[in-house]
Amino acid sequence: MYLKHSTKIVFIDDDPNQLTVLKEIFDNKYENCEYFSDLKSIGRFIGSYKFKDEIVSGKSFTEIVHKLNDVARSAEKYNQLSVVIIDYKLSEKTNGLDVLRKLKSKSVFRILNTGVADETIAIKAFNLKEIDGFYKKLTDIKILMDLIENGINSYFEKRMAEIKSFIEEVGAPEDVFLHHFDRIIKKHKIEEQYLIDDKRSHLLIDKDRAIYSFLVMPLKSVPDQIDILEGRGLPGVANQVLGRTKMLYNNRCFSHVRGMEDLIFPCKVILGREPYMYNLVRGDVLGLLSC
């Protein structure tokens, strides 16, 4: 995942008791949930919500990465709407599908909450792509939890659709790389991810808002790293790079970083068809959140 952070999840149901049950479950799971039961409040929310810059796009990979850095610095990102769960029967005149049709968004994942009698309507709406999923009331709540998780992932997949074409130019990451990256995500309980270069380096933020820099360099770049270090009068570090115990994070996007020494890190190697050198550094060592 090249972009991921906490977002807003909205539950809409005309039954306050149903919303109370949902609130008890999902407020413990997600940071930013909002609940609506009053039709006027629902209308105001839907009508006033602004879907800005949903699709992260640009004319070049560097431009897209800069936009991702802007997202990382923005506090507004946590209020971006990713998933809506809405009851089908809201009133005699209004149903959930009527409300969802007013959502002018290409990315928000739409879940219809239905009773047994409404299942046929939900299936038809799904086939017409008016909704992205549906949940039958009184069935296993884990089904709804899984739907919401799928919805959050779908939201970010849609937002990052354009970057995939750039990523494909440098090739998809190998399974061994993804395995190492996933282990880091789980071990450090990472909740936010921001791609920062075409080598798949990321800025990572955990559940306590601690920041990590996951820096990556392809092993085939070692000769270039050595040339740069020797040219700067650092032959000792060049030998360490040759021995694969250190790496020079050489990326022209970070010219604001002071001095060559600030870009030299201890490293480990991920073996595979295309080996990588990497390090997980505590802190925003490239100054992405302040530049």
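Assorted remarks:
- Label-to-label distance, nm, for residues given as ASN17 and LYS268 (7 Å Cα→Cβ offset): 5.3
- Per-residue ellipticity at 222 nm from helix content only, as computed over the chain with -39500 (n - 2.57) for each DSSP H run of at least four residues, stands at -11000 deg cm²/dmol.
- Kirkwood-Stokes translational diffusion coefficient of region 3-161, alpha-carbon pairs, 25 °C, 0.890 mPa s, µm²/s: 149
- Toward the positive end of the charge dipole of the chain, with +1 on the Cβ of Lys and Arg and -1 on the Cβ of Asp and Glu, the farthest Cα among ILE205, VAL21, SER154 is that of ILE205.
- Note: relative contact order over the chain, using C-alpha pairs below 8 Å and six or more positions apart, is 17 percent.
- Per-residue 3J(HN,Hα) values for region 213-219, derived from phi via the Karplus relation 6.51 cos²θ - 1.76 cosθ + 1.60 with θ = phi - 60°, read 10, 9, 9, 10, 9, x, 4 Hz in sequence order (x marks Gly and Pro).
- Sorted largest first, extent of region 173-282 alpha carbons per principal axis (Å): 41, 32, 20
- Residue order, fewest to most surrounding Cβ atoms within 10 angstrom, among LYS59, LYS4, LYS268: LYS59, LYS268, LYS4
- Packing around the peptides 30-40, 187-197, taken as the average count of other Cβ atoms within 10 Å per residue, puts them in this order, highest first: 187-197, 30-40.
- Considering only beta bridges that DSSP places wholly inside region 3-161, some 5 percent are antiparallel.
- Reference-scaled alpha-carbon Rg (2.2 N^0.38 Å with N residues) for region 23-96: 1.47
- Cβ crowding within 10 Å averaged over residues, with 11-19, 132-140 ranked highest first: 11-19, 132-140
- Of all beta bridges that DSSP places with both ends in the chain, some 55 percent have antiparallel geometry.
- With eigenvalues of the C-alpha gyration tensor scaled by 5 and rooted, the chain, Å: 45, 17, 17
- Of the GluC sites (Glu not before Pro) found in region 58-101, the ones in coil according to DSSP and having at most 16 other Cβ atoms within 10 Å of their Cβ are GLU92.
Read-outs throughout are calculated quantities, based only on the coordinates presented, and are distinct from any laboratory measurement. It should be emphasised that the depicted structure is a prediction, and the values quoted were computed from it without experimental measurement. Here the Cβ is made from the backbone with ideal geometry for all residues, glycine too, and neighbour counts use every protein chain on show.
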